[in-house]
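A quick write-up on the structure given underneath.
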C-alpha cells in the first residue's frame, strides 16, 4: 500500500508540471457530459436488440479471424470470419451465432470441407453438426458472407462522406456487431484474441483494434493486417476506412513508452495535432492511479468518425472531436469498460460512471481550479429531478441505459462520495484490486464484484451505501440550524429525502465556519435526522457554509443562524421542489399547539397559514393552485422563529 501511494504522488507531481504547459488548452464546459452521453445515446438508439435476440449457445468463443473487403464508396461488406469455440456441454451439436438477416451467407467451411448443415432464421446463423462435439475441445468454423448491413440510423455500419470523401465506420454497442459480421453478441464471451484483415480500396487507410503488423499493396487495394492479443468483448471490435492522415505520439513511463496512433480526417489534422498532446498527462495520471495502460504491449489511438461524442473501441477510440473531457472520458474506458467490462447493461455505470469520474480526476490533477466546478455541475444535474437510480432497471430502453443524469453524472458522484467514506488510500487500493482481480481483469464484472472489493479494503459492510445510492433513488435535502455561545458552536442537522425509496442518507458532511478573517472546516458523520453536534472554535463566526467543497449529492439546503433555544425546534419540508402538496414535519420542545407556519410569496404577501394541532408532528399544505416559483415560510412558536424557502415547480404537461 505505501509503495502504491508513493508512486501515485510521484507521477501526479509530474502531471502537475506538465499541466502548466497545457493550462490554456484545458477548459470545462458544463454541456460536455451531455454531449458525450447524447452522442452515445443517439449512436446506440437504433441498434438496441431485445435480450431474447442474443445467442446463448453453450460454448465459449476463444478467437476470431476476420477478413473483410471494404470500399468506403460502397455501402457493402464481404469476406469471411473464422470462429474458434469450445463446447461447454456434452450434447453440443449446434453452433449459434448472431448474424443479421440482411447479410447473405455464401458458404460454410468446416474442417476444410464445404458444409451445408446450416440455416439463418431471425438474425441467427445456426450451424448443425452430424454428431455432438466433444465437450471442452476447441473447434472452428468459417463463415463466408456478403451484403448490405441494415440501415440502423447512426450505427452500427455506416457509409458516409467527409468533405466529399467516402468513409465507412462501425459502432456496435450494445448489440450492433451482428449487423455487419457473424459473432456471438452479448456480455458473456470475450474472445482471447482477434486477427483482422481489411482489404481496402486504394488509396484508403484502415483503423481498428490492436497492432498494424503488415500492409500489402496490390493493383487496386491494400490488405491491412491488424493483430490484437488481449481478450475483447464483441461490441468493442471496430473498423474504419477512409483517406486518413495519421500521426504518432509517444507516452513515456519510466524506461518504457506507449505508442499513440491517431487516424484523423485530413481537414482536421492540424486541430487534432494541436489538441491531442493533452492525452499524454492523462495516460500518465491513469497509470499512476489505476495501473499501467491495460493494452501496453500494443497501442492506444484515435480514429475520427461521424458521430457526436466518442466510442471506446479497445485500443482505438473513435471520436468526432478532441475536447479535454471527451478525450479523458474515452481514454478512461480502456481501464473501466474495456479491461473490466460491465457484465450486464443494468450495471452500465461500471463503464460510464467510472469514465465520467476519471475525467473529473483529470481536472483535479491537471487543472485543479476546475475540479470543484466539475462537481458542482454534476450535483446540479443530478438534483434537477427528485428520483432515479444508478441501477438501470430497463435494458430495453436505450435512453435509460445512456442516461446522462443517472448513469453518467450520478454514477460518477457516488464514486466521489465513496472516496469520502473510505479515504483516498482505501478507495484507490480497492479500485486497483477490482481491476486486477484474476476473475475480473480482461473479463466481466457486476456491481456486487466492485462492492466486494470496496468492503474488503474498508473492513465493513457497505450494503447501507449501495442500498441508498445504487438501487435507491433521489438525494438528501438538509436544514442546518446553528448558534454560537463564546467559543462553543452548536448545530443541528435535519434531513429530508427527495424520494421515498430511501429513509435516510448516511454521509460524511463538511461544514465551514467563518468570519472576515478566520475560517475552519468541520467534518462529521451524520447518522440520523435531528442529530446535534458541538465544536469549539477560537473566533466568533458570522456564517456557516454547508458542504463548501461540493463533496456530496444534495440539494435545496437551508442554513439558519438561530438563538440557542431555537435549536430545540426543527422543521423539515418534503417534497422540495413541490407540485401539488408540501408536507411540513416539525419537532422539538417548542413544537405543537403553540406553533404556526406562515407562507409568503416572492413579493412578501402572506399566502397561507398552517396551525398544527396539539401533539402533532406534521401538516400538509395543498399547493396545486400555487403559481410556480419561489416561496418563503416562517415557523414560529414560543420564543423561536425559523425561516426558510421552497420551490413550486411547473406541472409536467
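Going through (1) touching a helix residue (DSSP H, G or I) at 6+ places or on another chain (Cβ under 9 Å); (2) assigned to a helix (DSSP H, G or I); (3) under 23 Å from residue 171 (Cα atoms) one by one, residue 269 falls short only on (1).
Exactly one residue among 292, 283 is surrounded by fewer than 19 Cβ atoms within 10 Å (Cβ to Cβ) and within 30 Å of residue 444 (Cα to Cα), and that residue is 292.
Residue check: is residue 112 out of contact with any helix residue (DSSP H, G or I) (no Cβ under 8 Å at 6 or more places or on another chain), modelled with pLDDT under 95 and under 17 Å from residue 75 (Cβ atoms)? Here the answer is no, as residue 112 does not meet what is asked. Only one entry of 637, 588 meets the criterion of being modelled with pLDDT under 80, buried (at least 20 other Cβ atoms within 10 Å of the Cβ), in contact with a strand residue (DSSP E or B) (Cβ under 7 Å, 6 or more places away or on another chain) and under 21 Å from residue 497 (Cα atoms), and that entry is 588.
From the list 144, 85, which residue is touching a strand residue (DSSP E or B) at 6+ places or on another chain (Cβ under 7 Å) and either closer than 30 Å to residue 203 by Cβ or not in a strand (DSSP E or B) (or both)?
Every option except 144 fails the conditions.
Put simply, of 462, 450, 440, 415 the only residue that is in the same structural domain as residue 30 (by TED's automatic domain parsing) and under 20 Å from residue 372 (Cα atoms) is 415.
Considering only residues in the range 153-204 that are under 22 Å from the mean Cα position of the chain (by Cα) and within 16 Å of residue 76 (Cβ to Cβ), the one that is modelled with the highest pLDDT turns out to be 170.
Every residue in the range 309-325 that is under 15 Å from the mean Cα position of the chain (by Cα) and within 15 Å of residue 286 (Cα to Cα), please. Result: 325, single match. Among residues of the range 100-141 being under 36 Å from the mean Cα position of the chain (by Cα) and in a strand (DSSP E or B), the one that is farthest from residue 61 (Cα to Cα) is 103. Against the list (1) in a helix (DSSP H, G or I); (2) within 19 Å of residue 502 (Cβ to Cβ); (3) touching a residue at least 40 places away in the same chain (Cβ under 8 Å), the condition residue 405 fails is (3). Take the conditions (1) touching a residue at least 60 places away in the same chain (Cβ under 8 Å); (2) under 30 Å from residue 537 (Cα atoms); residue 493 misses just one of them, which is (1).
The values are calculated or read from the model by the stated rules, or taken from the named source; none is laboratory data. Being a predicted model, the structure only gives us computed values, none of them experimental. Positions of Cβ are generated from backbone atoms using ideal geometry, with glycine treated the same way; all protein chains shown enter the neighbour counts.
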